[in-house]
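> The following block contains the structure, expressed as structure tokens.
Just so it is clear, none of the values below were taken in a lab; they were calculated from the coordinates. On a predicted model such as this, the values are computed, not experimentally measured, just so you know. Please note: Cβ atoms are built from the backbone with ideal geometry, for glycine as well, and neighbour counts cover all protein chains shown.
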Amino acid sequence: MTTSTDSPFSDKLMLYHIGFLFKAAQNYHGAGLTSSMRTDLVTAYEGTILKSLMITKKWFDLMIQNKWLEQPPLAPNGEEIAEQK
């Protein structure tokens with residue numbers, strides 16, 4: 001215990017580790033989904049993965065907003081490509 005009010009870890013580091021844990025959880029749920037022989041668990045796994053993806057999107061946007069992470073290359077816009085031809 002100290003009387004310091006400064007955080008020993010940066011917000012960037014903590015947010016990065018939280019994102020890593022969410023991605024690891026998605027991998028574990030995906031492995032569970034593919035290895036499960038029970039069809040009733042498929043919807044539970046899918047729901048959990050979708051919720052995790054929504055949270056990961058918010059994490060990703062927050063990291064970009066704070067300029068702690070660069071935006072990855074985006075897929076080309078098919079409509080713009082079709083109009084150019």
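> Tally up the residues in segment 22-49 that are more than 26 Å from Asp11 (Cα to Cα) and either hydrophobic (A, V, I, L, M, F, W, C) or over 14 Å from the mean Cα position of the chain (by Cα) (or both), please.
The total comes to 17.
> If you don't mind, there's one more thing I want to ask. What are the residues in segment 59-82 that are surrounded by 12 or more Cβ atoms within 10 Å (Cβ to Cβ) and in contact with a helix residue (DSSP H, G or I) (Cβ under 9 Å, 6 or more places away or on another chain), if any?
Scanning segment 59-82 gives Trp59, Phe60, Leu62, Met63, Trp68, Leu69.
> From the residues in segment 10-46 that are small (Gly, Ala, Ser) and closer than 29 Å to Asn66 by Cα, which one is surrounded by the most Cβ atoms within 10 Å (Cβ to Cβ)?
Gly19
> Please give the number of the condition Trp68 fails out of (1) without any contact (Cβ under 8 Å) to a residue 24 or more places away in the chain; (2) outside any helix (DSSP H, G or I); (3) under 29 Å from Asp11 (Cα atoms).
So the condition that Trp68 fails would be (1).
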